[in-house]
Amino acid sequence: MTSTQRYLEMADILEAELAHVPVGAQVPSEHVLAERFHVSRPAARAALQELERRLLVRRVQGVGTFRRGRVEYVISAHVPPSFSETVRLAGAEPASRLVSCGVRRAVEQERARLRLQPGAAVWAVERVFSVNGEVAAYATSVLPRRPLLNLDRELGDEVSLHRVLRRRYGLTVIRARYRISLDVPPQGIAEHLAGGSRGPVWLAESVNRAAGGPYVEYARTYLRPDVLDVTFEIEEETP
């Protein structure tokens, strides 16, 4: 058996065992695995790296390796376009940190998405989201400055933007357009997401509008695939 076959066989055995391990529990170290399977430390390390590639564990340098539990992040017509509400519906605990909120002129792409006139002013809101204490997403939301006057006074850490739009401005926001692709985040965003690691993540672009009204948000959200299991639900409309 080649070394590659051996560490993959180890990974398959450990994957089956991890199904019975609680999320967050520490898994055996390289040293313990090397002794158990009678292999070298590099082979044991390769098996753990394979489990990490399969999104089953997360390795914390200097601390250890832990059982990972990804949260199902459902994109559906029946789920509101709110990160926090989507995560709560999945049974997990969301948290948010406001990075910035300010007014500027909309660029061409933003004007096209929101159907704004040249020179229109917009709010640019940047936030970092966590799920069960782990950083999971970085989002930039662009919204027309009018009629959202004083939006900056309403937002802060642990404040849901869509809840503010609903309660403060009377806007129930729904998805008008949604596009998702794999992308590598810019370095500045990668620093927020995972300490500078620039592996591919999900990039979700969403255009949202007020129910029965105009477009009110153009959002670009980088979602970590090792934390969030992004799922699309498309249902046939019933007559």
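The values are calculated or read from the model by the stated rules, or taken from the named source; none is laboratory data. Keep in mind it's a predicted model, so treat the numbers as computed, not measured. Cβ placement follows ideal geometry from the backbone for every residue including glycine, while neighbour counts extend to all protein chains displayed. Protein only, heavy atoms only, side chains kept; ligands, DNA and RNA dropped before computing areas. Shrake-Rupley method; radii C 1.70, N 1.55, O 1.52, S 1.80 Å.
Could you say whether any residue in segment 186-198 is exposed (fewer than 15 other Cβ atoms within 10 Å of the Cβ), closer than 16 Å to ARG113 by Cβ and either of a type in the set (Val, Ile, Thr) or out of contact with any Asp or Glu (no Cβ under 7 Å at 6 or more places or on another chain) (or both)?
Filtering segment 186-198 down to residues exposed (fewer than 15 other Cβ atoms within 10 Å of the Cβ) leaves 186-188, 191, 195-198.
Okay, now just the ones that are also closer than 16 Å to ARG113 by Cβ, so none.
No, every residue in segment 186-198 fails to be exposed (fewer than 15 other Cβ atoms within 10 Å of the Cβ), closer than 16 Å to ARG113 by Cβ and either of a type in the set (Val, Ile, Thr) or out of contact with any Asp or Glu (no Cβ under 7 Å at 6 or more places or on another chain) (or both).
Is at least one residue of segment 7-17 of a type in the set (Phe, Trp, Tyr), in a helix (DSSP H, G or I), free of Cβ contacts under 8 Å to residues at least 40 places away in the same chain and over 30 Å from ALA210 (Cα atoms)? Walk me through how you get there before you give the answer.
First, the residues of segment 7-17 that are of a type in the set (Phe, Trp, Tyr): 7.
Next, only the ones that are in a helix (DSSP H, G or I) stay: 7.
Still in the running and free of Cβ contacts under 8 Å to residues at least 40 places away in the same chain: none.
No, every residue in segment 7-17 fails to be of a type in the set (Phe, Trp, Tyr), in a helix (DSSP H, G or I), free of Cβ contacts under 8 Å to residues at least 40 places away in the same chain and over 30 Å from ALA210 (Cα atoms).
In segment 154-168, is there at least one residue being without any contact (Cβ under 8 Å) to a residue 40 or more places away in the chain and touching an Asp or Glu at 6+ places or on another chain (Cβ under 7 Å)? If you could, list the steps in order and put the result at the bottom.
Narrowing segment 154-168 to residues without any contact (Cβ under 8 Å) to a residue 40 or more places away in the chain: 154, 164, 166-168.
Among the residues that remain, those that are also touching an Asp or Glu at 6+ places or on another chain (Cβ under 7 Å) are: 164, 168.
Checked segment 154-168: at least one residue is without any contact (Cβ under 8 Å) to a residue 40 or more places away in the chain and touching an Asp or Glu at 6+ places or on another chain (Cβ under 7 Å).
Looking across segment 151-162, the residues that are surrounded by fewer than 15 Cβ atoms within 10 Å (Cβ to Cβ) and either more than 28 Å from GLU191 (Cβ to Cβ) or not β-branched (Val, Ile, Thr) (or both) come down to ARG153, GLY156, ASP157, GLU158.
Strands (runs of 3 or more DSSP E) wholly in segment 51-105 with at least 2 residues that are open to solvent by less than 20 Å² (accessible area, probe 1.4 Å) and over 30 Å from ILE13 (Cβ atoms) - which ones?
Working: elements: 57-60, 64-67, 71-76, 94-105.
Because the criterion is at least 2 residues that are open to solvent by less than 20 Å² (accessible area, probe 1.4 Å) and over 30 Å from ILE13 (Cβ atoms), the strands (runs of 3 or more DSSP E) in segment 51-105 that meet it are 71-76, 94-105.
Listed residues ALA19, ALA34, ALA77; which is among the hydrophobic types (A, V, I, L, M, F, W, C) and either in contact with a Pro (Cβ under 8 Å, 6 or more places away or on another chain) or modelled with pLDDT of 90 or more (or both)? Don't jump to the end; show me each part of the working.
Details: ALA19 fails: either in contact with a Pro (Cβ under 8 Å, 6 or more places away or on another chain) or modelled with pLDDT of 90 or more (or both); ALA77 fails: either in contact with a Pro (Cβ under 8 Å, 6 or more places away or on another chain) or modelled with pLDDT of 90 or more (or both).
Sole residue among the options that is among the hydrophobic types (A, V, I, L, M, F, W, C) and either in contact with a Pro (Cβ under 8 Å, 6 or more places away or on another chain) or modelled with pLDDT of 90 or more (or both): ALA34.
Of the residues making up segment 200-208, none is farther than 20 Å from TYR73 by Cα and aromatic (Phe, Trp, Tyr).
Of the residues VAL207, VAL184, VAL227, only one is modelled with pLDDT of 95 or more and of a type outside the set (Phe, Trp, Tyr); which? Before the answer, list the steps.
Values: VAL184 fails: modelled with pLDDT of 95 or more; VAL227 fails: modelled with pLDDT of 95 or more.
None of the others qualify; the one that does is VAL207.
Taking the conditions exactly as written (aliphatic (A, V, I, L, M), over 21 Å from the mean Cα position of the chain (by Cα), closer than 19 Å to TYR215 by Cα and open to solvent by 20 Å² or more (accessible area, probe 1.4 Å)), does ALA121 satisfy them or not? Taking the combined requirement at face value, the residue satisfies it. Residue pairs whose Cβ atoms lie under 6 Å apart, separated by 6 or more positions or on different chains, with the first residue in segment 53-74 and of a type in the set (S, T, N, Q) and the second part of a strand (DSSP E or B), are THR65/VAL57; THR65/ARG59.
Could you list, in sequence order, the residues of segment 135-150 that are of a type outside the set (S, T, N, Q) and either in contact with a Lys or Arg (Cβ under 6 Å, 6 or more places away or on another chain) or surrounded by fewer than 19 Cβ atoms within 10 Å (Cβ to Cβ) (or both)? Give the steps one after another, and end with the answer.
Filtering segment 135-150 for residues of a type outside the set (S, T, N, Q) gives 135-139, 142-149.
Passing the criteria: VAL135, ALA136, ALA139, ARG145, ARG146, PRO147, LEU149.
Consider PRO94 carefully, then state whether it is out of contact with any Gly (no Cβ under 9 Å at 6 or more places or on another chain) and either in contact (Cβ under 8 Å) with a residue 24 or more places away in the chain or within 27 Å of VAL230 (Cβ to Cβ) (or both). Spelling it out, PRO94 is indeed out of contact with any Gly (no Cβ under 9 Å at 6 or more places or on another chain) and either in contact (Cβ under 8 Å) with a residue 24 or more places away in the chain or within 27 Å of VAL230 (Cβ to Cβ) (or both).
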